[in-house]
Amino acid sequence: MARCRSSFWNSPVIRRKVLTVKLVSKLFPIAIGIAVSVGGAALWMATYPDNTDPKNLYYVLWKNGLNANMNLDNALCTMSHDVHSEQLVYGLSRGQLERRFGYVRTLEQTTPYLRLCYTRRGVTGEDGVLFLRDSPYMVIMGNGGKAVDLVLCKGY
């Protein structure tokens, strides 16, 4: 049986419209997904705009290793409000701490106030302590040069 070829369906205008409808129907879910993602990120940023909020999008991305441009001083301020901030340092070596926080200070390089925190606490870190940047965070180093505790020094 021979197929009937209608000139209507072979028209270039109709073919173009059919291809356009097929293309739009395939791209529509992708466009919706992108719009929802952008809208969700904008809503998140509007809900938590404060730089010192641990739910701030920039801090959450930095905490998960996805924001290399985070202001590290702001990140350290935000860590004081984060209930799981110690998880950012546990098990890290000195080199890893320097990569994560920019630089660290030894006990001798820090202020007398922070040294007082070390002496009052009776820290027993076998490999000493490090301080994260110019912040009041003291990292206690344990066996093998790995961080075993994070202490926020304040009120001395």
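Okay, here's what the table says:
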| item | result |
| --- | --- |
| Acute angle (nearest 10 degrees) that the helix 12-47 long axis makes with the longest principal axis of the chain, alpha-carbon atoms | 20 |
| Among 70, 138, 79, residue whose mean-square fluctuation peaks in a GNM of the chain (springs only between Cα atoms under 10 Å) | 70 |
| Gain in span if fully extended, residue 53 to residue 93, counting 0.36 nm per residue against the direct Cα distance | 11.7 nm |
| Extension reserve of the residue 108-residue 134 stretch, reckoned as 0.36 nm per residue once the Cα distance is removed | 8.1 nm |
| Three-way shape call for the chain based on the alpha-carbon gyration tensor, with the a/c threshold at 1.5 | prolate |
| Sorted largest first, extent of region 91-156 alpha carbons per principal axis (Å) | 29, 23, 18 |
| Cα long-axis angle, helix 112-121 against the chain (0 to 90 degrees, to the nearest 10) | 80 |
| Partners for residue 63 among lysines (Cα-Cα distance below 20 Å; same-chain residues under 8 apart left out) | 55, 146 |
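Just so you know, all these numbers are worked out from the coordinates, no wet-lab data involved. This structure is a prediction, so every number in the text was calculated from the model and none was measured.
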